[in-house]
Amino acid sequence: MWRTIYQVLLILAYPVVRLRLLWRARREPDYGRRIAERFGHVPEGVPLNPVWFHTVSAGETIAAAPVIRKLAEEFPELQFLVTTMTPTGSAQVRTLLGDHVAHCYAPYDFSWGVRRFYAAVAPKLLVLMETELWPNLINVAHEREVPAVLVNARLSERSARGYARIGSLTRTMLEQLSFIACQYPDHAERFLALGAAASRVSAPGSIKFDVQLPADHADRVAELRSAWGLAGRPVWIAGSTHPGEEEIILAAHRTVRGACPDACLLLVPRHPARADEVERLTREAGFQVVRQSELSSFSSEAGAPEVVLADTMGQLLYLYGLSDVAFLGGSLVSVGGHNPIEAAICAQPLIMGPETFNFPDVVAAFSDAGCLFLVRDAEQLASRVTSWLADNGLRADLGQAAHRVVTENTGATGRLLDLLRAEIRSATAGR
């Protein structure tokens, strides 16, 4: 019954999906490009019979890139395809994997678009990242005898309750997966409760803890600190912010600068296409703001920037390296928060809002180590930032504690690689 209802809902949703793409393209032009790919039309250059990784957006792509790169090196006779759903994910594929893989957008889950895609690509194996459970995508793989696996899987209590409401459809999807490699044991328990077979579920850990700093990280950070006039200045960062958060962050920055007059805020919207909007909010709040893309021509005679607005992709790790304290966005609004691991690997004390349901286990790990604190408003945020900027010793201790949490949880990539190597050999042996 649920499958029939799902297909009917997709038919009804089709015109809405088309209109939403066009509406979103008004603010983010990249959504208006390559629209045909989203409905199963495969562009030239996508190989036949690839190992197919679906990584959704930027965060999943960044986490999966080392795994994909390693497998592409170990299996040079195979082609690899990486699909995403967002332009930011697409950009990360090109930046991090380049010529190692082919790339296009994945089709939305309309059955006819999914079947068109499979007919054109005929993948040997489908590797889904995190919680990309799409009934038609998985069902067509099953029909075509394409093994499908879910890796670095996470399933929050909220998501589990949603999947439980469509129990028969969820059970079918889980039964059609060859295995599910979860980030944490409690995530594995939720998949089991929804009907996954115990023999197919494991918890090798989160590969996001295996993040590594780029080889040029220290040199690049030092170069930016000098070029932007930040040497010796207290700096804090608000990373991956969403609408409704910037006003709170800017109000906090006003208080921070009252206590630390030379403090600089690195303001990083989750979506760079919002840069115009965020710049307007920053100027209305009374701050001098300089865009990151314009800092190369910024004159120190104009005074040190009070706010640097990041409007370019792929720079977040370097920006965390520049800062002394990190706030993780998406947590003061009901987005669910963004992963604090990248800030922690740069030895940052961590602050988040109360909405952390996207990464409860990760947040708990840092909270238990005493290096991540939750705030509810501008006053609490400013108080925490100000106190840490004023205490170099405490700030360093908290940053090192955050870094230790990362290093103590590494190793999932190696365990996942072992699982995927075996699956690739099995999938390619008989095809």
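The values are calculated or read from the model by the stated rules, or taken from the named source; none is laboratory data. Just so you know, these numbers come straight off a predicted model, no measurement behind them. When we count neighbours, we look across all protein chains shown, and the Cβ atoms used for this are built from the backbone with ideal geometry, even at glycine.
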Q) For region 173-289, which helices (runs of 4 or more DSSP H) that fit wholly inside it have 1 or more residues that are at pLDDT 95 or above, touching a Phe, Trp or Tyr at 6+ places or on another chain (Cβ under 9 Å) and under 30 Å from Arg3 (Cα atoms)? A) 185-193
**Q.** Complete set of residues in region 341-358 that are farther than 19 Å from Ser387 by Cα and touching a residue at least 60 places away in the same chain (Cβ under 8 Å)
**A.** Ile341, Glu342, Ile345, Cys346, Phe357, Asn358
(Q) Taking the conditions exactly as written (among the β-branched types (Val, Ile, Thr) and under 18 Å from Phe117 (Cβ atoms)), does Val17 satisfy them or not? (A) yes
Q: Identify all residues within region 113-146 that are acidic (Asp, Glu) and part of a loop (DSSP other than H, G, I, E, B); write none if there are none.
A: Glu130, Glu132, Glu145
Q | Selection count where residues are closer than 14 Å to Phe366 by Cα and either within 24 Å of the chain's Cα centre (by Cα) or buried (at least 17 other Cβ atoms within 10 Å of the Cβ) (or both), scope region 389-409 | A | 12
**Q.** Index of the failed condition, Pro107 passing every other in (1) closer than 25 Å to Ser206 by Cα; (2) surrounded by 20 or more Cβ atoms within 10 Å (Cβ to Cβ)
**A.** (1)
Q: Might you let me know whether region 30-41 holds any residue that is in contact with a helix residue (DSSP H, G or I) (Cβ under 8 Å, 6 or more places away or on another chain), of a type in the set (Asp, Glu) and on the phi < 0 side of the Ramachandran plot?
A: yes
Q.
Given (1) touching a Gly at 6+ places or on another chain (Cβ under 8 Å); (2) of a type outside the set (D, E, K, R); (3) within 23 Å of Ile68 (Cβ to Cβ), identify the lone condition not met by Met85.
A. (1)
Q. Could you list, in sequence order, the residues of region 88-112 that are without any contact (Cβ under 8 Å) to a residue 12 or more places away in the chain and either of a type in the set (A, V, I, L, M) or within 22 Å of Ala36 (Cα to Cα) (or both)?
A. Arg94
Q: With respect to Glu379, determine if the residue is out of contact with any Ser or Thr (no Cβ under 6 Å at 6 or more places or on another chain), at negative phi, surrounded by fewer than 22 Cβ atoms within 10 Å (Cβ to Cβ) and modelled with pLDDT of 95 or more.
A: yes
Q. Could you count how many residues in region 325-354 are over 21 Å from Thr88 (Cβ atoms) and surrounded by fewer than 21 Cβ atoms within 10 Å (Cβ to Cβ)?
A. 1
Q. Which residue out of Ala427, Ala382, Ala390 is touching a residue at least 40 places away in the same chain (Cβ under 8 Å), touching a strand residue (DSSP E or B) at 6+ places or on another chain (Cβ under 6 Å), over 24 Å from Leu155 (Cα atoms) and among the small types (Gly, Ala, Ser)?
A. Ala427
**Q.** Subset of region 86-115 [farther than 24 Å from Glu145 by Cα and not hydroxyl-bearing (Ser, Thr, Tyr)]
**A.** Pro87, Gly89, Ala91, Gln92, Val93, Arg94, Leu96, Leu97, Gly98, Asp99, His100
Q) Which helices (runs of 4 or more DSSP H) sit wholly inside region 318-431 and have at least 2 residues that are touching a His at 6+ places or on another chain (Cβ under 9 Å) and closer than 28 Å to Leu224 by Cβ? A) 341-345, 378-390
(Q) Can you find a residue that is at pLDDT below 95 and farther than 25 Å from Pro214 by Cα anywhere in region 44-63? (A) yes
Q. Do we find that Ala427 is over 23 Å from the mean Cα position of the chain (by Cα), within 24 Å of Val67 (Cα to Cα), among the aliphatic types (A, V, I, L, M) and surrounded by 13 or more Cβ atoms within 10 Å (Cβ to Cβ) in this structure?
A. yes
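Residue-by-condition table, conditions (1) in contact with a strand residue (DSSP E or B) (Cβ under 9 Å, 6 or more places away or on another chain); (2) surrounded by 13 or more Cβ atoms within 10 Å (Cβ to Cβ); (3) of a type outside the set (Ser, Thr, Tyr); (4) in contact (Cβ under 8 Å) with a residue 12 or more places away in the chain:
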{"residue": "Thr4", "(1), (2), (3), (4)": "no, no, no, no"}
{"residue": "Val8", "(1), (2), (3), (4)": "no, no, yes, no"}
{"residue": "Ala13", "(1), (2), (3), (4)": "no, yes, yes, no"}
{"residue": "Arg24", "(1), (2), (3), (4)": "no, yes, yes, no"}
{"residue": "Val42", "(1), (2), (3), (4)": "yes, yes, yes, yes"}
{"residue": "Ala72", "(1), (2), (3), (4)": "yes, yes, yes, yes"}
{"residue": "Glu77", "(1), (2), (3), (4)": "no, no, yes, no"}
{"residue": "Thr86", "(1), (2), (3), (4)": "yes, yes, no, yes"}
Q: Working carefully through the options Gly393, Gly370, Gly336, find the one that is outside the structural domain of Glu145 (by TED's automatic domain parsing) and under 28 Å from Pro66 (Cα atoms).
A: Gly336
Q. Hey, any hits in region 51-61 for a residue that's acidic (Asp, Glu) and in contact with a Gly (Cβ under 9 Å, 6 or more places away or on another chain)?
A. yes
